[in-house]
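Student: Below you'll find the structure I mean.
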Amino acid sequence: MEVKGATLLYTLAGLMITFAGFSALLLAVRPASGAKLSLLDRYLAKTVMTHIFVLTAAALLPPLIALYDVAERWIWPTSAVLFALPMVSLQVTYPYRRRRMVGKGPPFPIFAVFVVFGSAVTLAMLVYVLSGLKYSAAAYITALAIDFSTVAFAFMVALDVIMKQPMEVPERKGLD
């Protein structure tokens with residue numbers, strides 16, 4: 001049994017994993033140029049990977065549940081709960097975790113889009129799907145796509161901040 005929207009879910013999962021690899025490659029630019037990795041560099045890499053893997057798992061969850069011949073009316077609520085709980089937890093605790101690791105909170109655009117908008121979309125999807133309304137598959141996949149977009153946006157803003165940081169290049173010993 002193929003779940004509604006499976007092709008789009010597989011496409012999103014592939015896109016998300018590609019983005020994770022691309023973002024890791026971009027973050028490798030600084031050390032490759034001889035600069036030391038900052039706490040922000042490391043935190044950003046860990047955060048992007050964590051969020052992307054939660055989103056990828058959420059994209060693969062409905063087709064995985066469908067493999068067990070679970071009725072579609074149960075696939076979306078189950079997937080919504082299993083996606084929303086860890087995702088909202090990651091979204092709303094982001095400022096605290098960033099402050100604890102880096103020493104200051106996120107810039108306002110990241111807070112507004114990634115934390116506030118992202119968690120609002122995830123919670124709205126959860127309420128919609130658990131209400132049993134007609135377009136649960138569409139609401140789930142839309143929330144997944146929007147959450148992915150907020151992660152991409154936050155990464156691009158954070159990357160801009162990182163690239164503006166001075167490069168702490170360790171001294172190299174001369175060849176004598």
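Only the coordinates and a few stated rules stand behind these numbers; no lab work does. Worth saying up front: this structure is predicted, and the values here are computed from it rather than measured. We place every Cβ from the backbone using ideal geometry, glycine too, and count neighbours over all the protein chains shown.
Student: Distance in nm between label sites at residue 161 and residue 22, each 7 Å beyond Cα in the beta-carbon direction?
Tutor: Distance between label points: 2.2 nm.
Student: Sorted from largest to smallest, which semi-axis lengths in Å does the alpha carbon gyration tensor of region 1-88 give for its equivalent ellipsoid, taking the root of 5 times each eigenvalue? Can you show the working numbers first?
Tutor: On the way: eigenvalues 233, 37, 8 Å².
Equivalent ellipsoid semi-axes, largest first: 34, 14, 6 Å.
Student: Then there's this: Among all stretches of the chain without exposed trypsin sites (Lys or Arg not before Pro) (DSSP loop, at most 11 other Cβ atoms within 10 Å), which one is longest?
Tutor: Looking at the chain, 37-103 is the longest stretch - no exposed trypsin sites (Lys or Arg not before Pro) with at most 11 other Cβ atoms within 10 Å.
Student: Run the reach check for residue 164 against lysines, Cα to Cα strictly under 24 Å, same-chain hits fewer than 8 apart removed. What comes back?
Tutor: Within the straight-line limit of under 24 Å, residue 164 reaches these lysines: 36, 46, 104.
Student: Computed over the Cα atoms of the chain, what is the ratio Rg over Rh, Rh following Kirkwood? All intermediate terms of the calculation are to be shown ahead of the outcome.
Tutor: Values: Rg = 18.8 Å, Rh = 17.4 Å.
Rg/Rh: 1.08.
Student: With an 8 Å cut-off on Cα pairs and a minimum separation of 6 or more residues, tell me the relative contact order of region 1-89 in percent. Kindly include the intermediate steps, with their values, before the conclusion.
Tutor: Numbers: 55 pairs, mean separation 36.0, N = 89.
It rounds to 40 percent for region 1-89.
Student: Which number comes out as Rg/Rh for region 54-134 once both Rg and the Kirkwood Rh are worked out on C-alpha atoms? List each step's numbers first, then the result.
Tutor: Values: Rg = 15.2 Å, Rh = 13.9 Å.
Rg/Rh for region 54-134 comes to 1.09.
Student: Let me ask another. Given Cα pairs under 8 Å that are at least 6 residues apart, what percent is the relative contact order of region 6-164? Can you show the working numbers first?
Tutor: Working: 145 pairs, mean separation 42.9, N = 159.
Relative contact order here is 27 percent.
Student: Check every DSSP H run in the chain and write down those whose alpha carbon atoms cover 30 angstrom or more along the long axis and whose mean Kyte-Doolittle hydropathy is 0.5 or greater.
Tutor: Helices meeting the span and hydropathy rule in the chain are 6-27, 39-66, 136-164.
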